[in-house]
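Novice: So that we are looking at the same thing, I have put the structure below in structure tokens.
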There are 2 protein chains.
Amino acid sequence: MDKPFQTYDDTSNPATVASRLAALRAELAKRGLDGFVVPHSDQHMGEYLPPHAERLAWLTSFTGSAGAAVVLKDKAAIFVDGRYTLQVRTQTDTSLFEPRDLVAEGPQGWIPDNLPKGAKLGYDPWLHTQHGVMHLKAAVEKAGGTLVAVESNPIDAVWTDHPAPPQTPAKPHALNLAGQQSEAKRLTLADGLKKAGAEAAVITLADSVCWLLNIRGHDVPHTPFTLAFAIAHADGSADLFVDPAKRSPELLTHLGNSVRVQDPGAFTAALDGMKGKSVLVDPSTAASAIFDRLGKAGAKIRQGSDPCQLPKACKNPAEIEGMRKAHIRDGAALARYLAWFEANAAAGELTEIQAAETLEGFRRATGVLSDVSFDTISGAGSNGAIVHYRVTRSTNRTIRPNEMFLLDSGAQYPDGTTDVTRTIMVGEATAEMRDRFTRVLKGHIALATVRFPDGTIGMQLDSFARRPLWEAGLDYDHGTGHGVGSYLSVHEGPQNISKRPVMQALKPGMICSNEPGFYKAGAFGIRIENLIVVTEPEDLGGERPMMGFETITLVPIDLNLVESSLLTDAERGWLNLYHARVGDVIGPLVDDDTRKWLDRATRAI
Amino acid sequence: MDKPFQTYDDTSNPATVASRLAALRAELAKRGLDGFVVPHSDQHMGEYLPPHAERLAWLTSFTGSAGAAVVLKDKAAIFVDGRYTLQVRTQTDTSLFEPRDLVAEGPQGWIPDNLPKGAKLGYDPWLHTQHGVMHLKAAVEKAGGTLVAVESNPIDAVWTDHPAPPQTPAKPHALNLAGQQSEAKRLTLADGLKKAGAEAAVITLADSVCWLLNIRGHDVPHTPFTLAFAIAHADGSADLFVDPAKRSPELLTHLGNSVRVQDPGAFTAALDGMKGKSVLVDPSTAASAIFDRLGKAGAKIRQGSDPCQLPKACKNPAEIEGMRKAHIRDGAALARYLAWFEANAAAGELTEIQAAETLEGFRRATGVLSDVSFDTISGAGSNGAIVHYRVTRSTNRTIRPNEMFLLDSGAQYPDGTTDVTRTIMVGEATAEMRDRFTRVLKGHIALATVRFPDGTIGMQLDSFARRPLWEAGLDYDHGTGHGVGSYLSVHEGPQNISKRPVMQALKPGMICSNEPGFYKAGAFGIRIENLIVVTEPEDLGGERPMMGFETITLVPIDLNLVESSLLTDAERGWLNLYHARVGDVIGPLVDDDTRKWLDRATRAI
């Protein structure tokens, strides 16, 4: 069997923290620094990091997907958000790193009260955005200190077995899947640059580079990125800075003559050579070091959004078709899995890890799985109430009868990325469980069926998903929908459906998740997640065409948890229609036993 | 009979524009200026202006409630928003002032393309906020010109019969209505200043000054303001700068020893004397001139929100009780009016002006009306589709059978401010009218009944009011809810329920309007407006207390326009309960004939 995409080992060991922290402090002293900021990021500001960029985890032993640390001479703090307040205490040595709130305080809130006057605080300008450095600088100046950019990262100097940067091959992403030639994308981008009076744009997000040049790789877990920088020019040409080990003749042919392929080291030289040029850079996603170098070089910096983000988010017909196919394939795998689960879970002996491993196996059996799209959240009972639970060998437990089981998982297929959550009842649900589940379902349906005019942002729709919970004095502390890439990152911008005022309007072709939930701490967790595509504006018989959502995830919703009397006729109608569609589309693709399970699971109520 | 609060004369005369514009241009030339910006504002940035501050109307003859003009040597432009695109063309001389879009373009969008290089553009720093001047300055610099603050307004120099500033008496606002002594308000404000490290705050909004010192006046139409500046200090004392003609012994006794009353001219001297002091000023509401003077004086300016805005918006129990009483009184007046209207409109001879005048009469008959809270919008048929229609002698027309009549009006009573819109069918409604009205009603009910957690902003609730329209391909181009003052401005901040991301969370005691609508151009307009109060967080049996809204407007909603089959049981239940409440509360307060009408108008459906 192939190496599994997801592993369950506990990589964290608080005992390593003391010596590593001491080594870093010695290195800082050698450099004349009084402290250092350690973010969770790489040069591309990605969510998933390659092993060599896991500096925060190496130093603190904390393995969460977001966080930061500040190390001073006599104290150190680690900042995590609400998802990780418990986890950080088991993973790091809290006598060395004081856990603090990343959102309410963050390094910029902590520094003014803790950095000694006159102190020099170091930071790696390749690991912070321009906006991030602005906030850090303000905080350091409040403390009467100085923020100092380091030439090389001091952690790398003391990290003895530092892994090498990834060198997986960069491969062309086929035109029938991408839907548009890279050249056409670059010419459109070039038009935008000319209109904005810019001569070039620095593209720093790995998914933007991969989208623009129609390439994919395996440099980070779960997301088919090639890690590379690019510069797009107003004549439609581009420079791609990528490790020679990742190149192949096939890749070079694919890129063609108007993409100049260079070594990664040439990127800084290219920035240094942009004197007098008008260059677009995104201050909220590009490393501060890029601004520093362009500034020194005498380039005219134009701050603006990464020009790949919006066209990448608005999927073209080929990408949408690919996503639909990927979801049908994934729906069949999940139907087989859920039928297996029903047959095997009742005995009360399945563990969370077995449940996740088996799901990966059913997806592998499709023959085209290239990765899972994130570490499966496989949480039984109270573990389901931990919003970003990730099972490890030490937290693993059996799924017991009369418990809910929350399963949030996804796949990377070359034609599309999936992300689906189902909450399954093992045994008998209590009235409370059914009430809560049905409220979450009502919210899910409210969002799935909404119509809205041009210019509407996600924040304006988010409350539809929450209202049935609000009416019972309940809510959930996460967003309702994130953008999803097309065989790219399972979390992508610029759109967002949440309580946050993300001002990007929803546009046709954007793919979002629809995932309201409810979590009763210590008891159970509920989430119902489908992916939805923003539809073209449609004439509804009024004066203004309205957009809406097409649901593309096709997996039964557990009827054992639905309290039918709480549904309106329209809601029941939606559920029955959805299940009929799941049965019609998925039924022909599965074996007889699964088919029998599917017929029951998708029955009209 | 007393002088009516609302007048219907056409004050606009395009023939005056040419000579006034010529006079202004001559004055500008004398001062060495190449142009001048004319906003619609006074020194307090209020919505309603005293006559001497109506400089935009004097110059351009345009009388809308928002707008601006820019006068250059050889051209001039007037900027209005979507409400006024038709009106401006009838009111001004468009051969002299080119009408432009205030929102999409505005002076800051127009100046870069039209101001000659090297030109000096004047502005009156007392009539623009600090934020406004920032935008103007950026635009002028783009054009290669210079923005110049004038010492005195050049329009005043050529306005031959310039009215004097208003001098109505400033009167104490009784404690039983205000609910809190001014001293207590000032001490709380002072605590906030101390916490923010500020020694004083400059209070420039007239309603903030009136709220803080518990005073009222009649300096502007329809809003019981005294126009005055104040400075609040961190020791709880205050300086009030108010015209001697407005003072009375009663006022001075009311203000007490810790409010130093000074002449308006002393205000600038007080700013000039703040060297080294840390002073809070609101850059989005305070005149730029105040920043200029404080800067020159060497004060430490702290930019922040006007510290009266939030406590003013969160009404205390006495204010809420007063608002409830005012709405019961107003509801009785409206019931009498609507009964009269039903008896008299069918003949098809009532005019829009008669309808508005009669309504003012019924409100006057309460004996405690101190003003209408804005010019009544009295629009029949297609006039109802003009969102901010204001009837004048030239637009006045009869309300014909089988037309809808839209009536948006309000009252200023000493215990509270009202604002209510009802749409009334004269004769038979078409199926389309009933469908549209019922959708607006469904949206109104959806907002009236929503529950929401702490931290929710209006934008998150706005879509509930629109969804029933969106589902039919319809929408409305105005906000759903504005804040309402307590015997103060009928439009107040900082909260807002609309598509705009106004980030102020809704807090208990805030009063908002709930006014979805629908407008079919050339045919009819629908709006249903009640005022709603944010309730205290309440335990709904879940984990988080939830706020909601209490509806305080008590006026029947026209059942002739309700298509009952479009309502859910819950919506019908809300309407019947609301009408039962209107009948119970208002019924005992009206004459027998009105009572009979009310019984019919509030019958259960």
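The values are calculated or read from the model by the stated rules, or taken from the named source; none is laboratory data. For clarity, every value in this text was computed on a predicted model and none was experimentally measured. Heads up, the Cβs are rebuilt from the backbone with ideal geometry, glycines too, and the neighbour counts pull from every protein chain shown. For accessibility, only protein heavy atoms count, side chains too; no ligands or nucleic acids. Shrake-Rupley method; radii C 1.70, N 1.55, O 1.52, S 1.80 Å.
Novice: Would you check if there is a residue in region A:408-417 being touching a strand residue (DSSP E or B) at 6+ places or on another chain (Cβ under 9 Å) and farther than 24 Å from A:ILE328 by Cα?
Specialist: Within region A:408-417, none of the residues are touching a strand residue (DSSP E or B) at 6+ places or on another chain (Cβ under 9 Å) and farther than 24 Å from A:ILE328 by Cα.
Novice: Tell me, yes or no, whether region A:178-197 has at least one residue that is farther than 18 Å from A:PRO311 by Cα, in a loop (DSSP other than H, G, I, E, B) and not charged (D, E, K, R).
Specialist: Scanning region A:178-197, I find at least one residue that is farther than 18 Å from A:PRO311 by Cα, in a loop (DSSP other than H, G, I, E, B) and not charged (D, E, K, R), so the answer is yes.
Novice: Does region A:14-24 hold any residues that are surrounded by 12 or more Cβ atoms within 10 Å (Cβ to Cβ) and among the small types (Gly, Ala, Ser), and which are they?
Specialist: Those that are surrounded by 12 or more Cβ atoms within 10 Å (Cβ to Cβ) and among the small types (Gly, Ala, Ser): A:ALA18, A:ALA22, A:ALA23.
Novice: Which residue is farthest from A:SER382 (Cα to Cα), if the candidates are limited to region A:547-568 and must be among the small types (Gly, Ala, Ser) and within 14 Å of another protein chain (Cβ to nearest Cβ)?
Specialist: By that ranking, first place goes to A:GLY548.
Novice: Considering each of B:ALA143, B:ALA190, B:ALA149 in turn, give the residue that is without any contact (Cβ under 8 Å) to a residue 60 or more places away in the chain and in contact with a Pro (Cβ under 6 Å, 6 or more places away or on another chain).
Specialist: Checking each option against the conditions leaves just B:ALA143.
Novice: In addition: Out of region A:143-152, which residues are surrounded by 14 or more Cβ atoms within 10 Å (Cβ to Cβ) and over 33 Å from the mean Cα position of the chain (by Cα)?
Specialist: A:ALA143, A:GLY145, A:THR146
Novice: Let me ask something else about it. Identify, from the list B:GLU54, B:GLU47, B:GLU27, the residue that is closer than 30 Å to B:GLY265 by Cβ, open to solvent by 50 Å² or more (accessible area, probe 1.4 Å) and at pLDDT 95 or above.
Specialist: Every option except B:GLU54 fails the conditions.
Novice: Another question about this same structure. Confirm whether B:GLY541 is on the phi > 0 side of the Ramachandran plot, touching a residue at least 12 places away in the same chain (Cβ under 8 Å) and surrounded by fewer than 20 Cβ atoms within 10 Å (Cβ to Cβ).
Specialist: No, not satisfied.
Novice: Another question, if that's okay. How do the strands (runs of 3 or more DSSP E) wholly within region A:522-601 filter down when requiring 2 or more residues that are under 30 Å from the mean Cα position of the chain (by Cα) and within 29 Å of A:PRO453 (Cβ to Cβ): which remain?
Specialist: A:530-534, A:549-551
Novice: Which residues, taken from region B:103-141, are touching a helix residue (DSSP H, G or I) at 6+ places or on another chain (Cβ under 9 Å), open to solvent by 50 Å² or more (accessible area, probe 1.4 Å) and in a loop (DSSP other than H, G, I, E, B)?
Specialist: Across region B:103-141, the qualifying residue is only B:VAL103.
Novice: With the checklist (1) out of contact with any helix residue (DSSP H, G or I) (no Cβ under 6 Å at 6 or more places or on another chain); (2) within 11 Å of chain B (Cβ to nearest Cβ); (3) open to solvent by less than 20 Å² (accessible area, probe 1.4 Å); (4) under 25 Å from A:PRO556 (Cβ atoms) in hand, flag the one item A:PHE518 doesn't pass.
Specialist: (1)
Let's see how each residue does on (1) among the hydroxyl-bearing types (Ser, Thr, Tyr); (2) free of Cβ contacts under 8 Å to residues at least 60 places away in the same chain; (3) part of a helix (DSSP H, G or I):
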{"position": "B:MET425", "(1), (2), (3)": "no, no, no"}
{"position": "B:ARG436", "(1), (2), (3)": "no, no, yes"}
{"position": "B:ILE445", "(1), (2), (3)": "no, no, yes"}
{"position": "B:LEU461", "(1), (2), (3)": "no, yes, yes"}
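Novice: Next up: Please work out which one of (1) surrounded by 17 or more Cβ atoms within 10 Å (Cβ to Cβ); (2) touching a residue at least 24 places away in the same chain (Cβ under 8 Å) is the condition A:ARG100 fails and give its number.
Specialist: It fails just one condition, (2).
Novice: Also, I was wondering about something else. In region B:485-502, which residue that is closer than 20 Å to B:VAL450 by Cα and assigned to a strand (DSSP E or B) is nearest to the other protein chains (Cβ to nearest Cβ)?
Specialist: The extreme case among them is B:ILE497.
Novice: Further, regarding this structure: Is at least one residue of region B:527-535 within 14 Å of chain A (Cβ to nearest Cβ) and open to solvent by 10 Å² or more (accessible area, probe 1.4 Å)?
Specialist: Yes.
Novice: Follow-up question, since we're still on this one. Looking at A:GLY144, is it outside any helix (DSSP H, G or I) and either under 22 Å from A:ARG25 (Cβ atoms) or in contact with a strand residue (DSSP E or B) (Cβ under 8 Å, 6 or more places away or on another chain) (or both)?
Specialist: Against the criterion (outside any helix (DSSP H, G or I) and either under 22 Å from A:ARG25 (Cβ atoms) or in contact with a strand residue (DSSP E or B) (Cβ under 8 Å, 6 or more places away or on another chain) (or both)), A:GLY144 qualifies.
Novice: Restricting to region B:388-404, and then to whatever is touching a Leu at 6+ places or on another chain (Cβ under 9 Å) and in a strand (DSSP E or B), can you tell me which residue is surrounded by the fewest Cβ atoms within 10 Å (Cβ to Cβ)?
Specialist: Per the criteria, the residue is B:THR398.
Novice: Right, something else. Condition first: more than 14 Å from chain B (Cβ to nearest Cβ), surrounded by fewer than 17 Cβ atoms within 10 Å (Cβ to Cβ) and either over 30 Å from A:GLY179 (Cα atoms) or hydrophobic (A, V, I, L, M, F, W, C) (or both). Can you find one or more residues in region A:430-439 that meet it?
Specialist: Yes, region A:430-439 contains at least one residue that is more than 14 Å from chain B (Cβ to nearest Cβ), surrounded by fewer than 17 Cβ atoms within 10 Å (Cβ to Cβ) and either over 30 Å from A:GLY179 (Cα atoms) or hydrophobic (A, V, I, L, M, F, W, C) (or both).
Novice: Another question about this same structure. Filter region A:465-476 down to the residues that are touching a Phe, Trp or Tyr at 6+ places or on another chain (Cβ under 8 Å) and either assigned to a helix (DSSP H, G or I) or open to solvent by 10 Å² or more (accessible area, probe 1.4 Å) (or both), then identify the one that is nearest to the other protein chains (Cβ to nearest Cβ).
Specialist: Here the residue is A:TRP470.
Novice: Give the residue, chosen from B:ARG544, B:ARG595, that is within 14 Å of chain A (Cβ to nearest Cβ), more than 18 Å from B:SER409 (Cα to Cα) and not aromatic (Phe, Trp, Tyr).
Specialist: Only one candidate passes the filter, namely B:ARG544.
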